[in-house]
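Peer 1: Below is the structure I would like to discuss, written out as structure tokens.
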Amino acid sequence: MKDPYEVLGVASSASAADIQKAYRKLAKKLHPDLNPGDKRAEEKFKEVAAAYDLLSDTEKRKRFDSGEIDATGAERPQHQFYRDFAGADDGRPYTNSAGFSDFINEDDAFAELLRRSQEARANRRGEDLRYQLAIDFVDSIAGTTKRITLPDGGTLDVKIPPGLVDGNVIRLKGKGEPGAGKGGPGDALIEVEVLPDRRFTRDGDDISLELPVSLSEAVLGGRIRVPTPTGDVTMAIPKGSNTGTTLRLRGKGAPRRGGGSGDELVKLKIVLPKSPDPELEAFVSNWDIGKNFNPREGSAS
Amino acid sequence: MIMTRQEFLTSSGVEAQTLEFWLEQEWLIPERNAGGMRFSEHDVARARLIRDLKADLGINDEGIDVVLHLVDQLHGVRRALAQLRAELRREPT
């Protein structure tokens, strides 16, 4: 950082009053909020302010003069100036048009443009409001209605359409901030998070489910109950099914855009009884075909 | 970030009495709802400007009134200019 005396343009013997005077003179010219369009004003102002912070503090100035400290580290903490806000949004409630209202009443193209943009402001549409909502996986497939509580205590009923995907945004027309003049209200935008389900996973319009089956169900086949997002259904398992055998429940997946539904894919997983069964052991040890069958045959291992 | 009156006083270091005066002068116009005043970052930055004008630049209350009025007009003009610029870009000349 530069020599603070040089930055303020004062001699190193300057009095406290001279330093304040020099600073004020520079700050009036350089304060970023008094120069909203000058990007460089901020840099210069910071330099001047840091120099003043150092030299206006008698203790710090003494230590600087004696060489104990240098001019670094004196910068003021970063903050946003007023101009950054006055320039954003629509500047309400402070900004006003008194500075050019005389031009608006003229009869030329310039005035016409000004009038049009003023009108657009006067009839401004309300802001959109954003909310977040988490729903269960099952509700995302079957659809439901959820009520969210707004920060002001009001409530909003959100209809979740069947087949909604994680991250979808539901737009409720007219449920945002009120507009001005003829501008209608904004919308409420609800971003929906679908919570993961321990049973189901979704792949496009299809839903997958891993379903445990007993050895006898797998070997002999049978009818078993299978959960789907819209309730249990009965499904036939063919004789000789295996772990990994995937059965398809048509139309039990997520609804498709424009009609129809995806499928539910049921992947079977054979589960043996928890405690070893002597009868099963005896059977398997005498079962020659079973013992001679090598499921790894032809694979790399 | 939106602050209540108390949060605003704490974070800005402005005295309660000073804030009352600023509100009375309409130098600050926070939003109001059933729960009281709501200060936006916009209001906080404006409070910082008022403090700079007063403490750093030695401008008195009468002067601050004038400065804020001119600054508000300046931003109005800048906004109108920006809108005109946008309109001109859109319209083929």
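The values are calculated or read from the model by the stated rules, or taken from the named source; none is laboratory data. Remember, predicted model here, so these are calculated numbers, not experimental data. Methodologically, a virtual Cβ is constructed for each residue, glycine included, from the backbone with ideal geometry; neighbour enumeration extends over all protein chains shown. What goes into the accessible areas is simple: the full protein's heavy atoms, side chains included, and nothing from ligands, DNA or RNA. Shrake-Rupley method; radii C 1.70, N 1.55, O 1.52, S 1.80 Å.
Peer 1: Would you work out the relative contact order for the range A:129-194, in percent, from Cα pairs under 8 angstrom that are 6 or more residues apart?
Peer 2: Working: 128 pairs, mean separation 26.4, N = 66.
It comes to 40 percent, rounded to a whole number.
Peer 1: In nm, give the distance between the simple-model label positions of B:A86 and A:F293, each being 7 Å from the Cα along the Cα-to-Cβ direction.
Peer 2: Placing both labels 7 Å beyond Cα along the Cβ direction yields 7.2 nm.
Peer 1: Also: Would you look at the GNM of chain B, springs on alpha carbons closer than 10 Å, and say which of B:V67, B:V77, B:V44 moves the most?
Peer 2: Highest fluctuation among the options: B:V77.
Peer 1: Accessible area per residue of chain A at 1.4 Å probe, in Å²? Walk me through the numbers on the way to the answer.
Peer 2: Numbers: 18840 Å² over 301 residues.
Heavy-atom accessible area per residue stands at 63 Å².
Peer 1: Mind telling me which of A:S97, A:S275, A:S140 comes out most flexible in a GNM of chain A, alpha-carbon contacts under 10 Å?
Peer 2: Per the Cα network of chain A with a 10 Å cutoff, A:S275 tops the list.
Peer 1: Next question. Could you tell me the relative contact order of chain A? Use alpha-carbon pairs under 8 Å, at least six residues apart, and round to a whole percent. Could you put the intermediate results ahead of the total?
Peer 2: Details: 457 pairs, mean separation 33.1, N = 301.
Averaging sequence separation for qualifying contacts and normalising by length gives 11 percent for chain A.
Peer 1: Can you classify the range B:5-90 as rounded, prolate or oblate using the Cα gyration tensor, where a ≥ b ≥ c are the square roots of its eigenvalues, rounded means a/c under 1.5, and otherwise it's prolate if a/b beats b/c and oblate if not?
Peer 2: Details: a/c = 2.58, a/b = 1.52, b/c = 1.70.
Since a/c reaches 1.5 but b/c is at least a/b, the shape of the range B:5-90 is classed as oblate.
Peer 1: Please compute the contact order of chain B in relative form: average sequence separation of alpha-carbon pairs under 8 Å and at least six residues apart, divided by the residue count, as a percent. Spell out each step's value before the answer.
Peer 2: Details: 47 pairs, mean separation 22.7, N = 93.
Result for chain B is 24 percent.
Peer 1: Grab the beta carbon distance between A:D53 and A:R256, set R0 = 51 Å, and tell me the FRET efficiency rounded to 0.05.
Peer 2: Values: r = 66 Å, r/R0 = 1.29.
Calculated value: 0.20.
Peer 1: Most fluctuating residue of A:G183, A:G231, A:G262 in a GNM of chain A with Cα springs under 10 Å: which is it?
Peer 2: For chain A, modelled as a Gaussian network with Cα springs under 10 Å, the answer is A:G231.
Peer 1: Give the percent of DSSP beta bridges with both residues in the range A:129-194 that are antiparallel, rounded to the nearest 5.
Peer 2: Around 60 percent antiparallel, to the nearest 5.
Peer 1: Read phi for every residue in the range A:98-104 and hand back ³J(HN,Hα) as whole Hz from Karplus 6.51 cos²θ - 1.76 cosθ + 1.60, θ = phi - 60°, with x for Gly and Pro.
Peer 2: Per residue, the Karplus-derived 3J(HN,Hα) values read 4, x, 9, 5, 5, 5, 5 Hz.
Peer 1: Would you grab the residues whose amide H sits under 5 Å from the one on A:V213? Only those 5+ places off in sequence or on another chain, please, with H modelled 1.01 Å from N.
Peer 2: Result for A:V213 returns A:K269, A:I270, A:V271.
Peer 1: With a 1.4 Å probe and all protein chains in place, put B:H69, A:H79 in order of accessible area, largest first. List each step's numbers first, then the result.
Peer 2: Numbers: B:H69 95, A:H79 55 Å².
The most accessible residue leads, giving B:H69, A:H79.
Peer 1: Residues of the range B:22-42 that become at least 30 Å² less accessible with every protein chain present than in their own chain isolated, using 1.4 Å: which are they?
Peer 2: B:I29, B:E41, B:H42
Peer 1: I'd like the distance between the alpha-carbon centres of the range A:145-172 and the range A:186-204, rounded to an integer number of Å.
Peer 2: Between the Cα centre of the range A:145-172 and that of the range A:186-204, the gap is 11 Å.
Peer 1: Give the distance, in whole Å, between the Cα centre of the range A:18-52 and the Cα centre of the range B:24-93.
Peer 2: Rounded to whole Å, the Cα centres lie 19 Å apart.
Peer 1: Need one number: buried accessible surface between chains A and B, 1.4 Å probe, both sides summed, DNA, RNA and ligands left out, in Å² to 100.
Peer 2: Working: alone 20340 and 7090 Å², together 24320 Å².
Approximately 3100 Å² gets buried when A meets B.
Peer 1: In addition: Which ³J(HN,Hα) values in Hz, rounded to whole numbers, follow from the phi angles of the range A:220-230 under the Karplus curve 6.51 cos²θ - 1.76 cosθ + 1.60, where θ = phi - 60° and Gly and Pro get x?
Peer 2: With coefficients 6.51, -1.76 and 1.60, one gets 9, x, x, 10, 10, 8, 10, x, 10, x, 9 Hz.
Peer 1: Right, next: Between helix B:41-51 and chain B, what is the angle of the helix's C-alpha long axis to the longest principal axis, kept within 0 to 90° and rounded to the nearest 10?
Peer 2: For helix B:41-51, the angle is close to 70 degrees.
Peer 1: Using a probe of 1.4 angstrom, how much of the accessible area of the range A:26-174 is carbon and sulfur, in percent? Please report the intermediate quantities before stating the final value.
Peer 2: Values: 4200 of 8810 Å².
Exposed carbon and sulfur together represent 48 percent of the surface.
Peer 1: Still on this structure, please answer the following. Give the percent of DSSP beta bridges with both residues in the protein assembly as shown that are antiparallel, rounded to the nearest 5.
Peer 2: Antiparallel bridges make up about 65 percent of those DSSP assigns within the protein assembly as shown.
Peer 1: Moving to a separate point now. Where a ≥ b ≥ c are the square roots of the eigenvalues of the C-alpha gyration tensor, would you call chain A rounded, which needs a/c under 1.5, or, failing that, prolate if a/b is larger than b/c, or oblate?
Peer 2: Numbers: a/c = 4.80, a/b = 2.06, b/c = 2.33.
Verdict is oblate for chain A.
Peer 1: Taking square-rooted eigenvalues a ≥ b ≥ c of the alpha carbon gyration tensor, is the range A:209-249 rounded, prolate or oblate, where a/c under 1.5 means rounded and, failing that, a/b exceeding b/c means prolate? All intermediate terms of the calculation are to be shown ahead of the outcome.
Peer 2: On the way: a/c = 2.13, a/b = 1.71, b/c = 1.25.
Prolate is the answer for the range A:209-249, as a/c is 1.5 or above and a/b outweighs b/c.
Peer 1: A further question follows. Check A:V158: other-chain or 5+ apart residues with amide H under 5 Å from its amide H, H built from backbone geometry?
Peer 2: When sequence neighbours closer than 5 places are left aside, the close amide H contacts are A:K146, A:R147, A:I148.
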